[in-house]
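Here is the structure we will look at, set down as structure tokens.
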Amino acid sequence: MGLQKFCLSCGTQLDLGASFCANCGVAVASDAPTIEVLQTPIVQAPAQERLPIISKQSIVSESVQQSRSETVPGSPGILFGSAETFEAEESAEEKHGKAKHSVWIMIILATLLVLGVLSIIAYFMTTANSKSGEQKQQQSVSTAQQANGVATATQTVGNSPDSKGINEILATGGYTTINTLGSGFNQPTGVAVDGNGNVFIADFGNNAMKEIVAAGGYTTVNALASGFNQPTGVAVDGNGDVIVADTHNNAVKEIVAVGGYTTVNTLASGFILPQYVAVDRSGNVFVSDYGNNAVKEIVAAGGYTTVITLASGLNGPEGVALDSSGNVFVADTQNHTVKEIVAVNGNIPANPTVNTLGNGFNLPTGVAVDGSGNVFVSDWGNNTVKEIVAVSGSIPANPTVNTLGTGFNKPEGVALDKSGNVFLADTYNYAVKEILARPAMTQ
């Protein structure tokens, strides 16, 4: 306790001996009252019990720290890190974000890759019925690369066809009777018939040329010469010589009849995967030059050294045939059409007219023409043989197209004998079939 004096005017505390107020200047009476004041000491709280100053920023920081430091969900307490820890955690978060970004990029790339693979699969599935998707087409591509100096391996189709052979359909209106001729063929492709009814076969899978002898009922099969590499097309000229498209040797060859079909001559050069051949009355040879997308003529005069291009701009041409007027018919295979190169006075001019015949074909392969001008086509992709009907010896603008028989499997070469019977290389049935123009009794 203690005595204190105050100014009555302004209330300022005065010294006990003061005579005036230092604050307001009012004189202080000597008898001014004094007041006894009870002084109570101030006690401070212990330092360890002081409450921390909490700001909004510290609350937010604490919340962030908590969310980053809780490694196990539901774990008690809040782990606070240093500034370096916070920065390290931010760096880790950035890395995590980048990792997520990288994962998404990988997912997108993987998706694009899958789509690309599916597109490729769809493409090959769509073209599985195309020759480019079949063994024969693969071999053609392989050999085309070899011809351009690229070393590749040529594949060979397996399948043992020993129990199968060459069939003959005896046509009595419905083309339903089938007889088997010979055996041991492996993907026969080209077929031709000479004046005596003997059938010549390009036995593609066996790298051989063969003759099925008519005498004795087509039971004798002879091999002709050797040295062929997957031959495709065959034709017979007026002398009985056999013309061969030796496809994977990129050559056209002649097997001479005199001497028993042992002498082989090469005719001209410059072909890439020649497919089919035909020959006219003068001995000129017509070739579908598949790799060059052209039809060419090897001129007989002068020893088969002159080669003339009759038509170009085709797409993988295969079958080729001629009629009595010199018109050339070609299976423009990859364009799914049959075309006629029109002759003038028996010869193909420098810039010939090219007509498209019929429609609805799917990779037509072989062609042949009978004495009435009807064109026969092996429709490879549709597994059928079709006849484009002529009117007065020529094919009209919108011709009738008939289907002959069913049950074929990728038929290729087609030929006619002098009676109009149709011979067909039913390639993947390992057979050649004859569709008779007249009832069986006439044979």
Study note, to complete from the structure: Per the filter on the range 190-212, residues among the small types (G, A, S) and touching a residue at least 40 places away in the same chain (Cβ under 8 Å) are G190, A192, G195, G197, A202, G205
Check your understanding: Of the residues N398, N402, N409, which is open to solvent by 30 Å² or more (accessible area, probe 1.4 Å), part of a strand (DSSP E or B) and of a type outside the set (V, I, T)?
Key -> N402
Practice item. Can you confirm whether the range 212-227 contains a residue that is touching a helix residue (DSSP H, G or I) at 6+ places or on another chain (Cβ under 9 Å) and surrounded by 16 or more Cβ atoms within 10 Å (Cβ to Cβ)? Key: no
Exercise for review: Considering every residue within the range 316-335, establish whether at least one is crowded, with 24+ Cβ neighbours inside 10 Å and of a type in the set (F, W, Y).
Suggested key: yes
Check your understanding: Across the range 271-284, which residue is surrounded by the fewest Cβ atoms within 10 Å (Cβ to Cβ) among those that are under 15 Å from A368 (Cα atoms) and out of contact with any Asp or Glu (no Cβ under 7 Å at 6 or more places or on another chain)?
Key -> D280
Study note, to complete from the structure: Only unsatisfied item for L273, checking (1) aliphatic (A, V, I, L, M); (2) in contact with a helix residue (DSSP H, G or I) (Cβ under 7 Å, 6 or more places away or on another chain); (3) at pLDDT below 95, is (3)
Review point. What strands (runs of 3 or more DSSP E), lying completely within the range 184-283, carry at least 1 residues that are within 17 Å of A300 (Cβ to Cβ) and in contact with a Ser or Thr (Cβ under 9 Å, 6 or more places away or on another chain)?
Key: 242-246, 251-255, 264-267, 274-279
Practice item. Using the structure shown, decide if G371 is at positive phi, at pLDDT below 95 and surrounded by fewer than 20 Cβ atoms within 10 Å (Cβ to Cβ). Key: no
Study note, to complete from the structure: Checked against (1) surrounded by fewer than 20 Cβ atoms within 10 Å (Cβ to Cβ); (2) not in a strand (DSSP E or B), V307 satisfies every condition except (2)
**Study point:** Filter result for E340 (under 24 Å from G316 (Cα atoms), among the acidic types (D, E) and modelled with pLDDT of 95 or more)
**Key:** yes
Exercise for review: Tell me which of these S378 doesn't satisfy, since it passes every other one: (1) in a loop (DSSP other than H, G, I, E, B); (2) within 16 Å of A278 (Cβ to Cβ).
Suggested key: (1)
Exercise for review: Would you mind telling me which numbered condition in (1) touching a Ser or Thr at 6+ places or on another chain (Cβ under 9 Å); (2) surrounded by 21 or more Cβ atoms within 10 Å (Cβ to Cβ); (3) aliphatic (A, V, I, L, M) V391 fails?
Suggested key: (2)
**Study point:** Conditions (1) assigned to a loop (DSSP other than H, G, I, E, B); (2) open to solvent by 30 Å² or more (accessible area, probe 1.4 Å); number of the one not met by G291
**Key:** (1)
Point to revise | Residue check for K418: part of a strand (DSSP E or B) and either open to solvent by 10 Å² or more (accessible area, probe 1.4 Å) or not polar (S, T, N, Q) (or both) | key: no
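The values are calculated or read from the model by the stated rules, or taken from the named source; none is laboratory data. Predicted, not measured: the structure shown is a model, and the values here were computed from it. So basically every Cβ, Gly included, is an ideal-geometry build from the backbone, and we count neighbours across all protein chains shown. Note: accessible area is taken over every heavy atom of the protein model, side chains too, but ligands, DNA and RNA are not part of it. Shrake-Rupley method; radii C 1.70, N 1.55, O 1.52, S 1.80 Å.
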